[in-house]
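The values are calculated or read from the model by the stated rules, or taken from the named source; none is laboratory data. None of the values given here were measured: they were computed from a predicted structure. We place every Cβ from the backbone using ideal geometry, glycine too, and count neighbours over all the protein chains shown.
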Amino acid sequence: MSDADVIVVGAGPAGSCAAIAAARAGRRVILIERGPFPGSKNMYGGVVYPRILDELVPRWWETAPIQRWVVRRSTMVLSETGALTVDYRSNAWGEPPYNGATAYRPDFDEWLSRQAVAAGAQLVTSTTVTGLLRDASGRINGVRTDRPDGDLSASMVIACDGVNSFLAKEAGLYTATDPANFTLGVKETLALPKHVIDERFGVRDDQGVDIEILGGTSGVNGGGFVYTNLDTIALGAVLKLPKLAAQKKRPEEIIATLKAHPAIAPLIEGAEVKEYSAHVIPEAGYSMMPTMVTDGMVVAGDAAALCLAAGIWLEGVNFAMASGMYAGEVAAAAVARNDVSAKSLTAYTDKLNATFVLRDHKKLRKVPGLVLSDRVQQKYPAFVTSVVERVFRVDNPQPKPGLRRIVREERKRAGIKLSQLIRDGWTGLRGFG
Amino acid sequence: MTVVACLKWVTPRADDDDRFAGISAADQSALEFALQSAQPGEDVVAVCAGPVGAERALRDAVACGVTRAVRIDLDPRASSSAVASAIASVVTEARLVWCGDYSLDRGTGSMPGFLAARLGIGQALGLIDVTIAHDAMTVVRRLDGARREIVRVSGPAVLSVEGSTARLRRASLRGVLAADTATIDVVTGPSSVVDTVDEKPFRPRARALAAPAGASALDRVRSLTDAGSVTARSETVVLDPPAAAARIVSTLREWGYLG
Ligand SMILES: Cc1cc2nc3c(=O)[nH]c(=O)nc-3n(C[C@H](O)[C@H](O)[C@H](O)COP(=O)(O)OP(=O)(O)OC[C@H]3O[C@@H](n4cnc5c(N)ncnc54)[C@H](O)[C@@H]3O)c2cc1C
C-alpha cells in the first residue's frame, strides 16, 4: 500500500485547500511544507478575498486571523508630483459576510493549514520536496524529499509549490520559461500606531483600506500598492522583470521614490520599517499557464500561474484557494475511481473552466499586457493627471477651457496618438469585459 | 539503564507565539549526544518540563530516534532547582543525562548541577568537546582564563554541552511521520514550585539616614551628600582572607550598609 492517497506539495493557500478538500472526501492526505510552519516563507501584498472559503470553512471570518476588513478600495494614478484617485467606500464590506481583508500570510496560511489538519490531513513541515517519483509506465506516484529515507509514495500528487513550480516543470507541464511573464513584487511593512493609521486612512476599528497604484514606479513598468494592517502599512511595488534588469534600478530605490511621492509620503510619515520582502509573481496569467494535469498529478495556485495581476486587481490567494480546492476534490474522486490518468483528471481543468478561476483569467487575459505596456505605464499617468489638473485649475480671468480641448492638447503634449488612445481604450473596455 | 536528554522549550517572544518557540542549539547538541552515546538495548529518553506546546520539541526528538518522550507539566516560572527535582523524579536508572548548558532564554545553566545533586551522580558541565568511546567518554570543559579541563566520565553523570559541540541529525521522513502519533508520557510536576520570584527591576535596599544636621538648607544638603567635604575614607590594609572578610563586613556595617 502506498504511504498516502494524495500528497500535496506546499502548504500555501492552494495546498492547504487541496488538503482540506481531499481529506474531507475521506482520502489519506500528506501535506508537505518546506518552511518550519506554513506561511513562514510566504509573502504577498496583503489583501485576501476569501469568499470561496464559504464552501470549505463555513463562517471562516470568525476564526481567520484577519487584520482589517477592507471597506475602501482606491485606484491611484500617479504622475511625478500629481495623483488622481478613484476611491470607493462601503462600510457594508466591514460586516459579515465581508468582502476582502488584510491578513499576514504567516498567520493566514498557518490558520488554513490547521483546517487541513483538522480535516484529517497529516502536515509535515521543514521538509522540501526535491523531485517526483514515477512508476514503470511513467505515471507520477510519489515524491522525493530532502530528508533521509525521504521517498513517499501516493496514488497521486497535487503540486502547490508556488510560482516557478519545480514540480510542474519536472513533469514537463511548462514550455520554456520567459522572464517577461514574471514581475517582481517587493514590499515594506511599515509600523505606525493603530490610531494614526485610522486617522490617516479615514477608518475605524477593524476597517481597512486597499490602494492600487498605477505609475510611481520610477519608469519601470509595474504598479504599486498600499494596504492597511492593524498597526502596520504594507507598501510595495510590482515590477516587470526585464525592464527592471534593463534599467539597472534597485527595487528598494523604487520603493524609496514611491514613499517620497507627495500623495504617499503623508500616509506613512514617521513609520518604522519592520520588514522588507520580495517574491516573484506569475504576472502574465492566462498566456503563461501550463498544462494543468498529467498522469498522477495536477497543478494548482501560483504553480499553475493562476494569479490574477491585472492593474486594479492583484488577486492570487483566492485563485490559489479555489484551484486547490477543486484539485483536492478531483484528486479524491480520481483516487476513489482508481483512475488517476491525465484523462480522468481533466475533470479538474473542466472545473477551472466552469468557474471564476479560468473565466476571470480568460476574460481579463489582455489586461496584464495592456496595464504593463509602455504607453499605459509611461504616458497615460502624466496625460490623465494633467487633464484632471487643468479641469480643476481655476485660471481666472481666463474662462474655463472645454474638456475636449484639454484632452486634445494634453494628449499631444504626452505624445499619444489618437488612434492609439482609441485602440487601448477599446482593448481596455473589452479586456475588462 | 537509560540515556536521557533534557530539553528546555522556550517561547522567546513576549506574545508567547509558539510558532517561534523551540529548544536551544545546546539542547540540540545534548539530544544528539544522547542518541550517539546510547548502547544497544538502552532506552533514550527525552524529557521536557514545560507546557503542552513543548510536545513539539519532544515529537521532533522522537522523530530523531529517542525511544521515549516525557513531558513534565510544570509551571514555566519554576526555578532551576524545582525543574531539577521534577526531572530527577522521572529519570530513574539514568546512566547519562545530557543537557544543554544554555537555554534559548539566556538561562544560567544551573539546572544540570541541581539535577546531578538530586540524582546523586557525577557531573561535567559546560562541555566544549565530547569524545564518545565504549567504556568511558573523554570530555573537555571550558574554564576561565582560556584554560581547559579534560575529564574522563565513566560512571553515571549529568553532562551539559555547548551548542557548538554537535549538530543534531536530520530526522528521517518516516521518523517525522511516525512521531506525529507517538505517545508522549505526561507527568504532572509538583504544583508549588515557584520560588519567590521578584519580577520588579533590581533596586538596592533603601538605607535609613538620620535627618541631616545644619542651620541652613545648604548646610543640610552638604551634610547629606558629603559634597565639598574631603572624604578620604580609603585605607589600605593587608590581612589574611578570613580577617579580610571580617574587616569588610565590619566596615560595611560601620558605614551603614548592613542592617
Ligand atoms: C508582492 C506580492 C503581492 C501580492 N499581493 C496579493 C494580494 O494582495 N492579494 C492576493 O490575493 N494575492 C497577492 N499576491 C499573489 C499571492 O501571493 C499568490 O498568488 C498566492 O500566494 C499563491 O498561493 P499558492 O498556495 O499557490 O503559492 P504560495 O503562497 O507561494 O505557496 C507555496 C508553498 O509551497 C511551499 N513550497 C514551495 N516549494 C516547495 C517544495 N519543493 N517542497 C515543499 N514545499 C514547497 C512554499 O514554502 C509555500 O508555502 C501577491 C504576490 C506578491 C509577490
Scanning region A:20-42 residue by residue, those more than 12 Å from the ligand (Cβ to nearest atom) and among the hydrophobic types (A, V, I, L, M, F, W, C) turn out to be A:Ile20, A:Ala21, A:Ala22, A:Ala23, A:Ala25, A:Val29
Only one of A:Ile416, A:Ile422 is closer than 30 Å to A:Leu308 by Cα, of a type in the set (A, V, I, L, M, F, W, C) and in contact with a helix residue (DSSP H, G or I) (Cβ under 8 Å, 6 or more places away or on another chain), namely A:Ile416
Might you check whether a residue that is surrounded by 11 or more Cβ atoms within 10 Å (Cβ to Cβ) and in contact (Cβ under 8 Å) with a residue 60 or more places away in the chain occurs anywhere in region A:388-411? yes
Going through region A:147-169 in order, the residues found to be outside any strand (DSSP E or B) and without any contact (Cβ under 8 Å) to a residue 40 or more places away in the chain are A:Arg147, A:Pro148, A:Asp149, A:Gly150, A:Phe166, A:Lys169
Flagged in region A:293-306 as surrounded by 24 or more Cβ atoms within 10 Å (Cβ to Cβ) and either outside the structural domain of A:Lys41 (by TED's automatic domain parsing) or assigned to a loop (DSSP other than H, G, I, E, B) (or both), in numbering order, are A:Gly296, A:Ala300, A:Ala305, A:Leu306
Given (1) out of contact with any helix residue (DSSP H, G or I) (no Cβ under 9 Å at 6 or more places or on another chain); (2) over 20 Å from A:Tyr326 (Cα atoms); (3) within 14 Å of the ligand (Cβ to nearest atom); (4) within 14 Å of chain B (Cβ to nearest Cβ), A:Gly45 misses just (4)
* Could we say that A:Gly285 is at pLDDT below 95 and crowded, with 24+ Cβ neighbours inside 10 Å here? -> yes
Expected output for region A:110-125 (first residue more than 11 Å from chain B (Cβ to nearest Cβ) and at positive phi, partner surrounded by fewer than 21 Cβ atoms within 10 Å (Cβ to Cβ) and in a helix (DSSP H, G or I), Cβ below 8 Å, 6+ apart or cross-chain) is A:Gly120/A:Arg24
Counting only residues in region A:125-142 that are within 12 Å of the ligand (Cβ to nearest atom) and surrounded by 19 or more Cβ atoms within 10 Å (Cβ to Cβ), the one farthest from the chain's Cα centre (by Cα) is identified as A:Leu132
Checked A:Arg72, A:Arg89 against criteria (within 16 Å of the ligand (Cβ to nearest atom) and in contact with a Lys or Arg (Cβ under 6 Å, 6 or more places away or on another chain)); the one match is A:Arg72
Over region B:74-94, the set of residues over 25 Å from B:Gly175 (Cα atoms) and either in contact with an Asp or Glu (Cβ under 6 Å, 6 or more places away or on another chain) or not in a helix (DSSP H, G or I) (or both) is B:Leu74, B:Asp75, B:Pro76, B:Arg77, B:Ala78, B:Ser79, B:Thr92, B:Glu93
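Here is a yes/no grid of residues against (1) touching a Cys at 6+ places or on another chain (Cβ under 6 Å); (2) closer than 21 Å to A:Leu152 by Cβ; (3) not assigned by TED's automatic domain parsing to the domain that holds A:Ala331:
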position: A:Cys17; (1), (2), (3): no, yes, no
position: A:Ile20; (1), (2), (3): no, yes, no
position: A:Ala25; (1), (2), (3): no, yes, no
position: A:Gly46; (1), (2), (3): no, no, no
position: A:Thr75; (1), (2), (3): no, no, yes
position: A:Leu84; (1), (2), (3): no, no, yes
position: A:Gly94; (1), (2), (3): no, no, yes
position: A:Glu110; (1), (2), (3): no, no, no
position: A:Arg114; (1), (2), (3): no, no, no
Over region A:152-173, the set of residues within 14 Å of the ligand (Cβ to nearest atom) and within 14 Å of chain B (Cβ to nearest Cβ) is A:Leu152
Among the residues of region B:40-73, the number that are part of a loop (DSSP other than H, G, I, E, B) and in contact (Cβ under 8 Å) with a residue 24 or more places away in the chain is 6
When restricted to A:Thr145, A:Thr102, the only residue within 14 Å of another protein chain (Cβ to nearest Cβ) and within 14 Å of the ligand (Cβ to nearest atom) is A:Thr145
Expected output for region A:353-376 (first residue farther than 17 Å from A:Thr291 by Cα, partner of a type in the set (D, E, K, R) and crowded, with 21+ Cβ neighbours inside 10 Å, Cβ below 8 Å, 6+ apart or cross-chain) is A:Pro368/A:Glu283; A:Leu372/A:Lys240; A:Leu372/A:Glu283
Within region B:27-39, residues assigned to a loop (DSSP other than H, G, I, E, B) and in contact with a strand residue (DSSP E or B) (Cβ under 6 Å, 6 or more places away or on another chain) come out as B:Ala38
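Listed here are the residues, each with its yes/no results for (1) of a type in the set (D, E, K, R); (2) farther than 30 Å from A:Ala333 by Cβ.
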| site | (1), (2) |
| --- | --- |
| A:Ile158 | no, no |
| A:Asp178 | yes, yes |
| A:Gly185 | no, yes |
| A:Leu190 | no, yes |
| A:His195 | no, yes |
| A:Asp205 | yes, yes |
| A:Gly216 | no, yes |
| A:Gly222 | no, yes |
| A:Gln247 | no, yes |
Can you find a residue that is modelled with pLDDT under 90, within 20 Å of the chain's Cα centre (by Cα) and in the same structural domain as B:Leu58 (by TED's automatic domain parsing) anywhere in region B:26-40?
no
Of the residues in region A:111-124, those that are in a helix (DSSP H, G or I) and surrounded by fewer than 22 Cβ atoms within 10 Å (Cβ to Cβ) number 5
Residues in region A:56-75 that are of a type in the set (A, V, I, L, M) and buried (at least 22 other Cβ atoms within 10 Å of the Cβ) total 4
Among (1) outside any helix (DSSP H, G or I); (2) within 12 Å of the ligand (Cβ to nearest atom), A:Asn318 falls short only on (1)
